[in-house]
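One structure is given below, encoded as structure tokens.
The values are calculated or read from the model by the stated rules, or taken from the named source; none is laboratory data. Keep in mind that this is a model prediction, so the values were computed, not measured. Please note: Cβ atoms are built from the backbone with ideal geometry, for glycine as well, and neighbour counts cover all protein chains shown. Heads up: the accessible areas ignore ligands, DNA and RNA and are worked out on the full protein's heavy atoms, side chains in. Shrake-Rupley method; radii C 1.70, N 1.55, O 1.52, S 1.80 Å.
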Amino acid sequence: MSVPAVGGTDPEGSQGLTSSYTYEDIERIAQALLARTKHRPVLGIICGSGLGGLADIVEDSDTIPYSEIKDFPVSTVPGHMGYLVFGMLSGKSVVLMRGRFHYYEGYPMWKVAMPVRVMKQMGVKTLFVTNAAGGVNPNYKAGDMMIIKDHIDLPGLTGECVLIGKNDERFGPRFPATVDIYDSKLRALAAEIGKELGYGDYMREGTYIMIGGPTFETVAESRLLRLFGADAVGMSTVPEAVVAKHGGIRTFGISLITDMCSFEYEETQATTHEEVLAMGEMRAKDMQKLVSLMVERMEL
Ligand code: HPA
């Protein structure tokens, strides 16, 4: 089996359930990054499929490919480039991940979310997470944007929570509460700005459910996700949000609904990755405007 990337102190690149990055490893990676940029980011942004264009509006930027960061994983999905962008966005110092890591690529959950710990160690206090998602709520349509109000950690509920393993209290508490995982003030700010920008018809707020992927849902699975109370489904975001919460980082998440799940056998429409990327491109500018105004107006 080929192992995607080496992580932490384990020379083989542990693929087990528990993190092989120690606190000292994370600190070392954070310091190595800070040595390569004059920026001191307070906001971290993780770009979802087709939404990496946000990086283009970061000013005075320093770009560092993942491949140049010792012990950092590398992204393997088309549409997900692999670099960190440090710079200024709407007057605030940011670090942006262009390209994220997914469980379905073969990374264990802790490796998917490790960049959030590195961000925290660099001084990040707020995290914005964007993703592409399938619409589960029958009232949604492709092209909608959904502010994430809450999530369902399906892998976590079935034993693959990102925080499994020995807990180092320097990262956060053993049993973190997650009731308020998506900051209510930032959600309200996003809704207000969305209205102002005239996005009212396609701005939603709902519950995101994470599946492991890489298969898109069967009809029966889509029906199950709807029964669970999910409004949108995707293959990311949850591990990063959980690690952020664990570390005391305030989180805002937004999904771009790139396609609708199929609930009837007669009307099935196979979702393709190309469709997901194309919708990302179509709404990319809208998302950029929303995020840059939020960053401008949010309190640090
Ligand atoms: N399911 C899971 N992930 C997705 C989907 C979907 O339908 N669309 C975009 N990302």
Subject >> Filtered residue count, the range 214-231, keeping only those that are within 11 Å of the ligand (Cβ to nearest atom) and open to solvent by less than 30 Å² (accessible area, probe 1.4 Å) >> reply: 3
Original post:
Within the range 40-57, how many residues turn out to be modelled with pLDDT of 95 or more and open to solvent by 10 Å² or more (accessible area, probe 1.4 Å)?
Top reply: 2
Original post:
Among the listed residues 134, 159, 87, 172, which satisfies the condition of being under 18 Å from residue 248 (Cβ atoms) and small (Gly, Ala, Ser)?
Top reply: 172
**OP:** Report, by residue number, each residue of the range 136-163 that is assigned to a loop (DSSP other than H, G, I, E, B), β-branched (Val, Ile, Thr) and touching a residue at least 40 places away in the same chain (Cβ under 8 Å).
**Re:** 136, 162
Original post:
Do the conditions hold for residue 251, that is, is it of a type in the set (Ser, Thr, Tyr) and free of Cβ contacts under 8 Å to residues at least 60 places away in the same chain?
Top reply: no
**OP:** Within the range 87-108, count every residue that is away from the ligand (no atom under 16 Å from the Cβ) and more than 19 Å from residue 294 (Cβ to Cβ).
**Re:** 3
**OP:** Determine whether residue 133 is in a helix (DSSP H, G or I) and surrounded by 23 or more Cβ atoms within 10 Å (Cβ to Cβ).
**Re:** no
**OP:** Scan the range 234-280 for residues that are more than 14 Å from the ligand (Cβ to nearest atom), of a type in the set (D, E, K, R) and at pLDDT below 95 and report the count.
**Re:** 3
Original post:
In the range 109-138, how many residues are within 12 Å of the chain's Cα centre (by Cα) and either within 16 Å of the ligand (Cβ to nearest atom) or among the acidic types (Asp, Glu) (or both)?
Top reply: 6
